[in-house]
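Student: Take this structure, written in structure tokens, and hold onto it; I'll ask about it next.
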Amino acid sequence: MNENIVMGNWKQLSGRIKAKWGKLTDNDLEKAEGNKEYLLGKLQEHYGLAKDKAEQNLKDIGHL
């Protein structure tokens, strides 16, 4: 898979993430690119989700 496809997929996914979790900033999403643990931590920080609940939410939108 080339880099353009990966970047396009991330942009689509980050749009779905931001639509669902509006408290996440563009900066959060830029830092989270390719880093599942960082993204899970931000969901826990901003929304008070348990790690397993945050993981399930990401699975539901097709991230994991």
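The values are calculated or read from the model by the stated rules, or taken from the named source; none is laboratory data. Being a predicted model, the structure only gives us computed values, none of them experimental. Neighbour counts run over all protein chains shown; Cβ positions are idealised from the backbone, glycine included.
Student: Could you tell me whether I5 is among the β-branched types (V, I, T) and at pLDDT 85 or above? Full working, then the answer.
Tutor: Working: among the β-branched types (V, I, T): yes; at pLDDT 85 or above: no.
No: the conditions fail for I5.
Student: Being within 11 Å of the chain's Cα centre (by Cα) and at pLDDT 90 or above: is that true of L24 here?
Tutor: yes
Student: Restricting the first residue to region 40-64 and requiring it to be on the phi > 0 side of the Ramachandran plot, which pairs with a second residue that is exposed (fewer than 13 other Cβ atoms within 10 Å of the Cβ) and in a loop (DSSP other than H, G, I, E, B) meet a Cβ separation below 9 Å and a spacing of at least six or different chains?
Tutor: none
Student: Of the numbered conditions (1) part of a loop (DSSP other than H, G, I, E, B); (2) of a type in the set (K, R); (3) without any contact (Cβ under 8 Å) to a residue 12 or more places away in the chain, K23 satisfies every one except a single condition; which is it?
Tutor: The single condition K23 does not satisfy is (3).
Student: Does any residue of region 55-64 turn out to be at pLDDT below 90, in a helix (DSSP H, G or I) and out of contact with any Lys or Arg (no Cβ under 8 Å at 6 or more places or on another chain)?
Tutor: Yes: region 55-64 contains one or more residues that are at pLDDT below 90, in a helix (DSSP H, G or I) and out of contact with any Lys or Arg (no Cβ under 8 Å at 6 or more places or on another chain).
Student: Please find, among K42, K18, the residue that is part of a helix (DSSP H, G or I), at pLDDT below 90 and surrounded by 14 or more Cβ atoms within 10 Å (Cβ to Cβ).
Tutor: Testing whether each residue is part of a helix (DSSP H, G or I), at pLDDT below 90 and surrounded by 14 or more Cβ atoms within 10 Å (Cβ to Cβ) leaves just K18.
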